[in-house]
Amino acid sequence: MSSPSLTPSSLESAWILPSRGRVGMFCLIAAESAMFTIFLVAYIFYIGKSQSGPTPKEVLEVPIFATICLLSSSLTIHFAVAALRNAKSSLFAIWWFLTMALGIIFLVETGREWHHLIFESGLTISTNLFGTTYYSLVGLHAFHVTVGLIGLTIGMILALLGKVKQEHHERADVFSLYWHFVDVVWIAVFTVVYVIGR
Amino acid sequence: MSSDSIALNPALESTRPIGDRLHDWVTTVDHKKLGILYILYALVFLVIGGIEATIMRIQLIVPHNHFVSPQVFNEMFTMHGTTMIFFVAMPIMFGFANYLLPLMIGARDMAFPRLNAWSFWLAAFGGLLLYFSFIGGNGLYGAGGAPDVGWFAYAPLTARVFSIGHSTDFWTLGLLVSGIGSIGTAANIAATVLCLRCPGMTLGKMPLLAWMNLVMAALVLLAISPLTAAQIMLSLDRYLGAHFFDTQAGGSAVIWMHFFWIFGHPEVYVLVIPAFAFASEIIPVFSRKPIFGYPVMVAATVAIGFVSFTVWAHHMFTVGMSSYANSFFTISTMIVGVPTGIKIFNWIGTMWGGKIEFKTPMLFCIGFLFQFLIAGLTGIMLAVAPFDWQLGNSYFVVAHFHYVIVGAILFALFAAFYYWFPKMSGRMYNERLGKWHFWLFLIGFHLTFDFMHIPGLLGMPRRIYTYEPGRGWDIWNLIITVGVFFQAAGILLFVCNLLWSRIKGPVCTSDPWDAWTLEWSTSSPPPEYNFAAIPVVRSRRPLWDIKHPEDPDWKYE
């Protein structure tokens, strides 16, 4: 631009724009929400339309322990990011590790639930509409938990190598948005699958 | 990227070994190069999709023709539709957004350059997957080929039983992969517009192109994901024996339609809103007036974005819905006419009393305006459920949406090509060839798509590979096909013009149109870093302010 005369310096100093990391993550969350909405709608639409058993009431048990674990992991990751913001790297690592552990417990619990459903209740994705919608919805969520765990693991390795510093708190914050989203989606999935659908 | 690639001198650039330059293009994360890659890739698919359309039209030129078999005809209309929507229109819009947005908002690149490259290569890979079906669709089954289920792939056509081989899988995977790329690009566009604007460029001072691409990005984020979800369900049905769309096990074929069209209708606006953006940038420059009603334009765009999510089932009137659903979708569809009508009036208001220069980009914009109006009017007709019961799935519908996609979107795209070609290449296109292109394409377009309404009204259904003589359809089909050759000739001139002007065209200045947005303040083509110093703006037309310091815009905004 060839005209410096257009530059009032006061304008430049006050120029603050949103963080691109947060905006990018919110965009991803918007897209993911739309996707989960479609799976949730399919689940609700097919409630009670299965032509053969087993039905949700017969085989589903409410996963209270797993839910408590996943929801508390939102709290622990929040503390982890807060610790990093205050430059407490070791405290960050502890909270971050707790988040990871809670996420792993949740996945293991989902695995146990699936094992029970497949081998004892005889419910697979092709058994009936309940199986179709249940495994795809819960599986899609479990996939997102897995992706989150991969991210958490990378963060943990970096923290153990001593590479996570205070200046990275914004990145951790952006990642935590994703993890919070995975938790919020679980509330929706839980409500639809275990409360409304059962 | 290697440091020696910051070659500002084109002569110097052309002396580098071809391997090095190719390596630069493949590994680039520069928004301008990725934009051009998107555009070139889309142009290749435009030619391929055009050839598929031509094959269909040759088959239909006379009754009982045997140019292609029914099977090939089915493959042609499926591939034509899928290609044109997903691998021509979307990437070409993304390409222009990529190229123009950072330049227009005074930034040095997109918000996430590597995500940008990743998204492009995913989109490119998706296109290759789709076209690999011609070779690999057979799989080990000895059946299949290119997808033949129509571009909206209604269940149960896509079930394993009815679609043997891998043809539908290539369709599903191609769209799934390119869809993920689209979401990446949309996130990138939104983050770029919201987070990288140069100092002084508040949301109300952004060029309309930035506003409209922001709305387009929001639509992509919310509309493409339902399609991705539906494609995942379809794959589960086909490979793991799930029953989402399996009516035998209690599944629903209609829910696929809902899922598809809840993507499919906003998709129209994903494509047409960037076309509005081109018109909103080009019409003011060639009318020598600022855009009329900027805030209303923004509001209308956002309104279209919202309304577009409430109209999807107007694609399904003929499926049979409750009268409440029919009434709701009729009314919501008609409401779309309000913000789009506002836009048309604003563009006319911009031209009104202006000193209009009829250069090629402006000619295409005027064509766009006129044809978009007609397309909107037939759209209102089809929004009326009883009218749609009569004409749904007929050539009237085909004529209507081609009026939108070719008559409005493609015309605006050609305008954009001619308008920004000097900026992208540093050379001026040939005006005479451009005008020939416009008139040939205009005549061809109207021959094909005006007359396509008539066999539709006479009851000719879409997607039939041939028809009986003596139904009054023959002459119209002949005229429609003749128009195709005019359009093909126009496209040929367009491609020749681009290629010739790229090499031999006269070198142009940084601002050949005497325009007002920031991309014209840097050299043509822009250097890799776009702006030596990040600009500061005070109005919607920063270059006007520079050129007319005695009467700047910011005094009045």
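With respect to (1) over 20 Å from B:A229 (Cβ atoms); (2) in a helix (DSSP H, G or I); (3) in contact with a Pro (Cβ under 9 Å, 6 or more places away or on another chain), the lone exception for B:F162 is condition (2).
Would a scan of segment B:300-313 turn up a residue that is out of contact with any His (no Cβ under 8 Å at 6 or more places or on another chain) and not in a helix (DSSP H, G or I)? There is no residue in segment B:300-313 that is out of contact with any His (no Cβ under 8 Å at 6 or more places or on another chain) and not in a helix (DSSP H, G or I). The sole residue among A:G103, A:G148, A:G122 that is surrounded by fewer than 21 Cβ atoms within 10 Å (Cβ to Cβ), touching a residue at least 24 places away in the same chain (Cβ under 8 Å) and either outside any loop (DSSP other than H, G, I, E, B) or more than 14 Å from every other protein chain (Cβ to nearest Cβ) (or both) is A:G122.
Residues being under 30 Å from B:L101 (Cβ atoms) and of a type in the set (S, T, N, Q) are entirely absent from segment B:432-455.
One residue alone among B:W520, B:W516, B:W554 is crowded, with 19+ Cβ neighbours inside 10 Å and in a helix (DSSP H, G or I), and that residue is B:W520.
Taking the conditions exactly as written (within 14 Å of chain A (Cβ to nearest Cβ) and either closer than 30 Å to B:F438 by Cβ or under 22 Å from the mean Cα position of the chain (by Cα) (or both)), does B:F260 satisfy them or not? Considered against the rule, which asks whether it is within 14 Å of chain A (Cβ to nearest Cβ) and either closer than 30 Å to B:F438 by Cβ or under 22 Å from the mean Cα position of the chain (by Cα) (or both), B:F260 comes out as yes.
Just one of the listed residues (A:I47, A:I38) is closer than 30 Å to A:I125 by Cβ and buried (at least 21 other Cβ atoms within 10 Å of the Cβ), and it is A:I38.
Does B:T82 satisfy the criteria of being among the polar types (S, T, N, Q), surrounded by fewer than 20 Cβ atoms within 10 Å (Cβ to Cβ) and within 28 Å of B:Y467 (Cβ to Cβ)? For B:T82, the condition - among the polar types (S, T, N, Q), surrounded by fewer than 20 Cβ atoms within 10 Å (Cβ to Cβ) and within 28 Å of B:Y467 (Cβ to Cβ) - is not met. For segment B:197-225, taking the residues that are part of a loop (DSSP other than H, G, I, E, B) and in contact (Cβ under 8 Å) with a residue 60 or more places away in the chain, the one that is farthest from A:A14 (Cα to Cα) is identified as B:P207. Pairs meeting the criteria (first residue in segment B:154-166 and farther than 14 Å from B:N74 by Cα, second residue in a loop (DSSP other than H, G, I, E, B) and aromatic (F, W, Y), beta carbons under 9 Å, at least 6 apart or on different chains) are B:A155/B:F244; B:A155/B:F245; B:P156/B:F162; B:P156/B:F245; B:A159/B:F245; B:I164/B:Y141; B:G165/B:Y141; B:H166/B:Y141.
Under the condition of being more than 14 Å from chain B (Cβ to nearest Cβ) and of a type in the set (G, A, S), the residues counted in segment A:32-87 number 8.
Residues of segment A:18-31 that are within 8 Å of another protein chain (Cβ to nearest Cβ) and surrounded by fewer than 17 Cβ atoms within 10 Å (Cβ to Cβ): A:P18, A:S19. Assessment of segment B:495-508 against the conditions (aromatic (F, W, Y) and under 19 Å from B:I48 (Cβ atoms)) yields no matching residue.
Of the residues making up segment B:139-151, those that are surrounded by fewer than 17 Cβ atoms within 10 Å (Cβ to Cβ) and among the hydrophobic types (A, V, I, L, M, F, W, C) are B:L140, B:A143.
One residue stands out in segment A:3-17 among those that are in a loop (DSSP other than H, G, I, E, B) and facing chain B (nearest Cβ under 7 Å): the one that is modelled with the highest pLDDT, namely A:L17. Scanning segment B:197-220 for residues that are crowded, with 24+ Cβ neighbours inside 10 Å, facing chain A (nearest Cβ under 10 Å) and either farther than 12 Å from B:G106 by Cβ or of a type in the set (G, A, S) (or both) returns B:A217, B:V220. Residues in segment B:235-244 that are out of contact with any Lys or Arg (no Cβ under 9 Å at 6 or more places or on another chain) and buried (at least 24 other Cβ atoms within 10 Å of the Cβ): 3 in all. Report, ordered by the first and then the second residue, all pairs with beta carbons closer than 7 Å, sequence separation of six or more or different chains, a first member in segment B:325-336 that is surrounded by fewer than 18 Cβ atoms within 10 Å (Cβ to Cβ), and a second member that is of a type in the set (A, V, I, L, M). Qualifying pairs under 7 Å: B:A325/B:A313; B:M334/B:I380; B:M334/B:A383; B:I335/B:V307. Counting only helices (runs of 4 or more DSSP H) that sit completely within segment B:25-119, those holding 1 or more residues that are modelled with pLDDT under 95 and of a type in the set (V, I, T) correspond to B:31-59, B:70-82.
Of the residues making up segment B:189-196, none is within 14 Å of chain A (Cβ to nearest Cβ), over 18 Å from B:L234 (Cα atoms), without any contact (Cβ under 8 Å) to a residue 60 or more places away in the chain and part of a loop (DSSP other than H, G, I, E, B). From the list A:T127, A:T132, pick out the single residue that is under 30 Å from A:P54 (Cα atoms), assigned to a helix (DSSP H, G or I), touching a residue at least 60 places away in the same chain (Cβ under 8 Å) and more than 14 Å from the chain's Cα centre (by Cα). Going through A:T127, A:T132 in turn, the sole match is A:T132.
Here A:I94 passes the criteria (1) part of a helix (DSSP H, G or I); (2) of a type outside the set (S, T, N, Q); (3) modelled with pLDDT under 95 except the one numbered (3). Do we have any residue at all in segment A:189-198 that's within 17 Å of A:F36 (Cα to Cα), in contact with a His (Cβ under 6 Å, 6 or more places away or on another chain) and at pLDDT 95 or above? Yes: segment A:189-198 contains one or more residues that are within 17 Å of A:F36 (Cα to Cα), in contact with a His (Cβ under 6 Å, 6 or more places away or on another chain) and at pLDDT 95 or above. Please work out which residue is farthest from the chain's Cα centre (by Cα), limiting yourself to segment B:17-69 and to residues that are surrounded by 14 or more Cβ atoms within 10 Å (Cβ to Cβ) and hydroxyl-bearing (S, T, Y). Among those residues, the one meeting the criterion is B:T28.
The values are calculated or read from the model by the stated rules, or taken from the named source; none is laboratory data. These figures come from a predicted structure and were not determined experimentally. Note that each Cβ is placed from the backbone with ideal geometry, even for glycine, and that neighbours are counted across all protein chains shown.
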